Ligand code: SAH
Ligand code: SF4
Ligand code: F3S
């Protein structure tokens, strides 16, 4: 370990929260590696420890705060370590973190991550000067957006240096020995929807759409480097819309631009005032056609409102765009949806679902629900259960309402559903969803699917019995969850390949013992022979 900024410092970076945070961590990592930092897996010896945090529920914040306590001990032991809290919790809690956790050296919000390397360098320089050096001021140790990101009234996003972070992405070659063959690409930052329970519009700032050329180019370079699957990211990804000619830099290049609010999509005058725009459907189509060596294109998260037939048409006509839609309903009660400011009714959600299946009969739909929102009655909850019975959701994330400082809901409503009731509703909805997930998976038995192979697992221990609850727990898409699933699967003997279908169903294929690394990242046809609420079992149709 070293106190001197001149030798290669080591960094430990841990990520909490959503896919946006995973992508941010990857970009931060790239930026720091370029500056000569080396990433290690051990927080106990790293020169710089960074936590990329999430604020969406209280529980998410607890996790990060418990980590801060551990690092405090290293400092008390006299070690020179830079401790940084970055991401949504830094933005939400702000400089108060310095008061409550004096061991924290620096704070950086998700909208200011381009400034993180400088903050770290300054801190290290100051530490290298020794104990007598004046401590840097709180301002010099933090990069937070505050309300700045919402001040701009023009289409061009003000002071948009963050775009440079996305543009600076390192395109390291990936091959079969790299387990991760998927990548995230941001298309929209922030959110303008202001659901009453949600901190994201505060922590991530205003909705900002990236120029389509930058997005297509990033996808192309990732595909060139060996990435086979790209997931486009936005909080309400289908609300992507770029107005050309409105935000152009001095070099003529298009700049990111602030998006419209919730109601703009119903006000066509705002959207089509004689200007050329790129819609989400057009963006999808461009990526599909202009990056033909990309094998799979996904997107997250869809907003159930304004998911137009134009998008469904592009999905239907573009074989490499996955027919998978994650579109959280949040509640099945119109009264609660209104209090949440979601901007749609249950009827409209069902129309959306029917439209999806009309265009894409084999599509899979997944989502999120919140139980125990303020004033939620048994009747409201039953309406949520009825919606889950009506829609063939592949899976749902189910959350207990958590009152968050800074949101409309915490000011306007009392958190009046007792924790016990929230837990009961949470468990009931999980049980119901498990049954639905089982049915959705069982429908595939006897059919052929295309599987993108992601992992090889070899088991040496004989199969043991395990509690059914472990097997039945619902799961969410994403590579992390494949791992989670794996950890929950009972130990057994033999070799298995794990992959996913276009519809994001996890597939397990038994194969003979051997080295299967070269098959990772390739797509194979397989016939489904069994199903559980979590996964499909399949046999390869041809040799892998
Ligand atoms: N932009 C996405 C969701 C981002 S947050 C969308 O609108 O669908 C991810 C999920 O966390 C939400 O879908 C919601 O179900 C849950 N969530 C957000 N705030 C919450 C809160 N205060 N309490 C409980 N769950 C919450
Ligand atoms: Fe939060 Fe709503 Fe925006 Fe999703 S759409 S990030 S739930 S405010
Ligand atoms: Fe959490 Fe921020 Fe994502 S609050 S869910 S990390 S946008």
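Looking at residue 17, is it away from ligand 3 (no atom under 14 Å from the Cβ), outside any helix (DSSP H, G or I) and on the phi > 0 side of the Ramachandran plot? Answer is no for this residue.
Residues in segment 288-332 that are within 15 Å of ligand 1 (Cβ to nearest atom), out of contact with any strand residue (DSSP E or B) (no Cβ under 6 Å at 6 or more places or on another chain) and more than 15 Å from residue 237 (Cα to Cα): 331, 332. A residue that is within 16 Å of ligand 1 (Cβ to nearest atom) and at pLDDT 90 or above can be found somewhere in segment 177-185. Just to be sure, is residue 368 touching a strand residue (DSSP E or B) at 6+ places or on another chain (Cβ under 7 Å), in the same structural domain as residue 228 (by TED's automatic domain parsing) and surrounded by fewer than 20 Cβ atoms within 10 Å (Cβ to Cβ)? Yes: the conditions hold for residue 368.
Among strands (runs of 3 or more DSSP E) entirely within segment 160-254, having at least 2 residues that are closer than 30 Å to residue 518 by Cα and assigned by TED's automatic domain parsing to the domain that holds residue 516 singles out no element at all.
The values are calculated or read from the model by the stated rules, or taken from the named source; none is laboratory data. Keep in mind that this is a model prediction, so the values were computed, not measured. Cβ sites come from the backbone with ideal geometry, for glycine too, and all protein chains shown count toward neighbours.
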